[in-house]
Structure formats: C-alpha cells, structure tokens
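Reading through the structure tokens given below for one structure.
Read the figures in this text as sums done on the coordinates, not as results from a lab. Quick caveat, the model's predicted, so the values are computed rather than measured. So basically every Cβ, Gly included, is an ideal-geometry build from the backbone, and we count neighbours across all protein chains shown.
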Amino acid sequence: MVKRYFLNNPFFCIIVLGLMVCLPSLSIDIYVPVMGSMARALLTSKASIQLTISVFLAGLAIAQLFSGFIADIIGRRTTLLFGLALYSVMSLLCSFAQSSDSILYYRILQGLGCSVIVVCAFAICRDLFEGESLTKTISYITAIISLSPAIAPIIGGFIASISSWRGIFILLAITGLFLLLMGYVFLPETLNNHKEAMPTKRAKLLDVYRSLLSNTRFLQLSLLVSVIYSAYFSYLYNASFVFESIYRQTIAITAGLMGLNAFALFLGSALAPSIVKRIGTQRAVISALFTIIIFSLVLTLYHAHFHTPSLAVFCSCMFLSTFSVAIIVPLMNSESLSAVNQHFASAAAFSGFIRYGLASSFGALIASFHLISVHLITASLLVASFLGLFLLKKAGLARQ
C-alpha cells in the first residue's frame, strides 16, 4: 500500500528522486567554501583538500560503467538502497576523519555510492514514465539539480559558522540516511524483468560500449561537454582559496559569493530553452563559447595590468562565464545523445564516465601545481572554450 502511494503520486516521486539525484552536486558544493579551514584543521596542504573533489569525481566516473549493469541484474531498488547506505556511511566517516588521506579514501567510496544512486534514480524514471511524462519528469528533476549548487554553499557556510567543517559531512550523512529510509519505505521494484543471465548481459554491455566508441560524433560532443565541465571545475577547485587567500573574505561571504555564482547555473539552465527557441542550438552554443572567451580575456588582461582583478570584476566575469557553461553543457549533452540511435541509458552513463573522469583528472592536475591563482581559472576556461569551438566544428555543428 505504501509503495503504491509512490507509484500513484508523480509529484512525490519527482521530489524523492530529485533529492537523490542532487547528492553529487550537494556533496561537492556544500563544503567548497570551507576547504581552506579544512586544510588548516587537518594540518595539510590546500592541494590535498582539492584532491577530495578529484577522488569523489573519480568514484562517480568509475561506477557509471557498472552501476546500471548491476541494476539491470538484481533490480533498481536493491542497488539504490546499497548506494544510499554506502554514501551515508562514507559521509559519516568523513566527519570523523583525522587526516586528509582518510578523507580521500572515504570520498572515493562516497563517490561510488553517489554514482549508483544517480544511475538507479534515472533508471526508475525511465521505468515509471514514458513519452511526454518522462520529458516533464526529467525537466523537473533537472530544475531541482540546478538549484542545488546555488543553495549548497550557503548551507555549508552556515553549518561551518555554527560548528565546523565536520558538521557539513554529518549533515550529508543525515541526508543520505533520510533518503535511505524514504527509499526503503516507499520505493517499489520498478524493473519488470531482471532475471537475465549475467554472461548475456556482459556480452550486450561490451557490444554497446564497442558501438559507442565507434560513434565519432557522439565522442566529439561528449568530449566537448566534458572539457567545458572540467574547466568550470577549475573555478570550484580554487574559488574557496581565492576568496579567502587573495581577496581576504570570510567563510560566510565566500559561501555567499559562491552561491551567487552557482545561481548562474540555475539561470542558464532555466533560460536555455528560450534562447534555443530564439536563435537555435548552434548559435546558442557558439555565442556561449565566445562569451566565456571574451570574459576570460577580460580577466587575463586585467590580471596582466593590475596583477589581481578586483573582487567585483572577478565575480561578474565568473557569473557570466558560469551562465554560459550552464547553456553549453545540457544542450551539447542532448546533442551527443541524439547522435546515438539506441542504448540511450548506456550512452548517458558512458558520457558521464568521460565527463567525471576528465574533471577528476583535471582537478588532480590543478592540485599538483600547488598554485592558487585567478589566472589559473581564466586560463582553464579560455583553453576549454577554444577547444570547444574546435570540437564543435569537427562534429559539424559550427557550419553555417
């Protein structure tokens, strides 16, 4: 009876699944404003704390390749509950960690759990809805995801101000346990047939990935999304340290500034359909790429003449660049999936593997520089935008 309530109430279903899909974004954005204080509390380098994002993304990427495969065999519900349990336990262990090495270990396992949750949540959406209902459901869930980066830094800053960075991970553990309880009580098994033999599934999976690797257009557009996504993470990796060390801002103000910038993600995602309706996908993406190039050059020139841009100039340029990123990523993600004729779920998972894997590797590279600089952020965005234009042309979307 309780599980039937979940099936018969789409709004409740969307809220629960939307909160689950928010966990990756929440797990990164909520503690970014306090990364500086984490480094000081654990007596470690800033690079070590930056790596906590990289390893989380690595776990998120790795699990993309097999979590959907497992969910097709043993069912969505069991796999999802396992992911939520793993996420909750690792979040709690992060809060008690006494060294950066411990957090790195817990974070990669937290990322694995998070990836399982997201893949299963979207699989449940596909099981329960179809056609226009599926499109609306995904749109509503995307809106919930877009709000998370704007709200999470503010929540993290507030929690840190009344306790410490450890309180943030305790909150993540409580959130995971709450969703685990909701899933256990309300979520039914939505997979109609998961009794197929594993060898058959494995053979199909290998065939699917082989076909995706031979799809040049899909790979080019997925790489475009991944490059822009990774460049945005150059901001996330450095923002907390830039605001605290260079601009001398408090944790509360840092959280507010990052929340304001993250609001650009929501704004860009919300306005993207209207922009596409007016000028088309091709022009929207090209315009967004040139917007990033222009404002990255503004920051670069400002940096060359005044050493460090003013806080107002930096925040304004990053807001507009982030707004552009929010337009490019969903549009090109949709285009990449349109290049695939079948196996959409596997294509989405493989695209996610490329995106999170590249972002993780890029973050590790940034951390290896041991450098906190506005110039590093702008250089990353500038290079990524030019590479994006190149990939867009190779994929045939930059032709008039």
Exercise for review: Could you pull out which residues in segment 212-243 have an amide N less than 13 Å from a spot 7 Å beyond the Cα of Ser310, following the Cα-Cβ vector?
Suggested key: none
Check your understanding: Can you work out ³J(HN,Hα) from phi for every residue in segment 51-56, in order, using Karplus 6.51 cos²θ - 1.76 cosθ + 1.60 and θ = phi - 60°, giving whole Hz and x for Gly and Pro?
Key -> 5, 5, 6, 4, 5, 4
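Taking 30 Å as R0, compute the FRET efficiency from the Cβ-Cβ separation of Ser245 and Leu297 and round it to 0.05. Don't skip to the end; give the middle numbers.
Working: r = 24 Å, r/R0 = 0.81.
E between Ser245 and Leu297, to the nearest 0.05, is 0.80.
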Study note, to complete from the structure: With only helices counted (DSSP H, runs n ≥ 4, each -39500 (n - 2.57)), the per-residue ellipticity at 222 nm for the chain, to the nearest 500, works out to -29000 deg cm²/dmol
Point to revise | Rg to Rh quotient for segment 214-286, alpha carbon positions, Kirkwood Rh | key: 1.12
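Based on the Cβ-Cβ distance from Lys277 to Phe390, what FRET efficiency comes out when R0 is 30 Å, to the nearest 0.05? Please list the in-between numbers first.
On the way: r = 27 Å, r/R0 = 0.90.
Step by step, r from the Cβ atoms, then E = 0.65.
Once you keep just the Cα pairs under 8 angstrom separated by 6 or more residues, what percentage relative contact order results for the chain?
Relative CO of the chain lands at 27 percent.
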Check your understanding: Given 0.36 nm per residue, what is the gain on full extension from Phe158 to Ala252 after removing their alpha carbon distance, in nm?
Key -> 33.1 nm
Review point. Given H placed 1.01 Å from N in the peptide plane, which residues other than close sequence neighbours of Gln249 have an amide H under 5 Å from its amide H?
Key: Glu244
**Study point:** Dipole of segment 196-400 [Lys/Arg +1, Asp/Glu -1 at C-beta], most positive-end residue of Pro309, Phe390, Leu289
**Key:** Phe390
Review point. With all pairs of different alpha carbon atoms counted, what Kirkwood hydrodynamic radius in Å does segment 253-313 show?
Key: 13.6
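Please state, to two decimals, what the Cα-based radius of gyration of segment 196-400 comes to when divided by 2.2 N^0.38 Å (N = residues). List each step's numbers first, then the result.
Numbers: Rg = 18.5 Å, N = 205, 2.2 N^0.38 = 16.6 Å.
Compared with the compact-globule rule of thumb, segment 196-400 sits at 1.12.
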Check your understanding: Between Ser163, Leu224, Asn341, whose Cα lies farthest towards the positive end of the dipole of the chain when Lys and Arg beta carbons carry +1 and Asp and Glu beta carbons carry -1, centred on the Cα centre?
Key -> Asn341
Exercise for review: Using θ = phi - 60° and the Karplus relation 6.51 cos²θ - 1.76 cosθ + 1.60, list the HN-Hα couplings for segment 226-237 in order, rounded to whole Hz, with x at every Gly or Pro.
Suggested key: 5, 5, 5, 4, 5, 5, 4, 5, 4, 5, 4, 4
Exercise for review: Return one quarter of the surface area of the convex hull spanned by the alpha-carbon atoms of the chain, equal to its mean projected area, in nm².
Suggested key: 19.2
Point to revise | Signed unit charges on C-beta, dipole axis of the chain, positive-most listed residue Leu206, Gly176, Ala379 | key: Leu206
Practice item. Using only Cα positions of segment 1-189, each an equal point scatterer, no hydration layer, compute I(q)/I(0) via Debye at q = 0.11, 0.14, 0.16 Å⁻¹ and quote the log10 values to two decimals. Key: -0.48, -0.75, -0.96
Review point. What dipole magnitude, in Debye to the nearest 20, does the chain give about its Cα centre under +1 on Lys/Arg Cβ and -1 on Asp/Glu Cβ?
Key: 460
Check your understanding: Which whole-number percent gives the relative contact order of segment 64-186, counting Cα pairs below 8 Å spaced six or more residues apart?
Key -> 38
Revision key, fill the gap. Distance in nm between Ser102 and Ser214 label points, each 7 Å along Cα→Cβ, equals 5.1
Point to revise | GNM top mover of Val329, Val285, Val313 - the chain, alpha-carbon springs below 10 Å | key: Val313
Practice item. In whole Hz, with x marking every Gly and Pro, tabulate ³J(HN,Hα) for segment 20-28 from phi via Karplus 6.51 cos²θ - 1.76 cosθ + 1.60, θ = phi - 60°. Key: 5, 5, 6, 4, x, 5, 4, 5, 9
Revision key, fill the gap. The chain, Gaussian network, Cα under 10 Å: of Thr44, Thr79, Thr281, the residue fluctuating most is Thr44
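Cross-chain or 8 or more residues apart, Cα under 25 Å: how many lysine pairs in the chain fit that? Count them up, please.
Values: Lys3/Lys136; Lys3/Lys195; Lys136/Lys277; Lys195/Lys204; Lys277/Lys393; Lys277/Lys394.
Count of close lysine pairs: 6.
Could you compute the FRET efficiency for Leu181 and Arg40, with r as their C-beta to C-beta distance and R0 at 35 Å, rounded to 0.05?
Values: r = 35 Å, r/R0 = 1.01.
Between Leu181 and Arg40 the formula returns 0.50.
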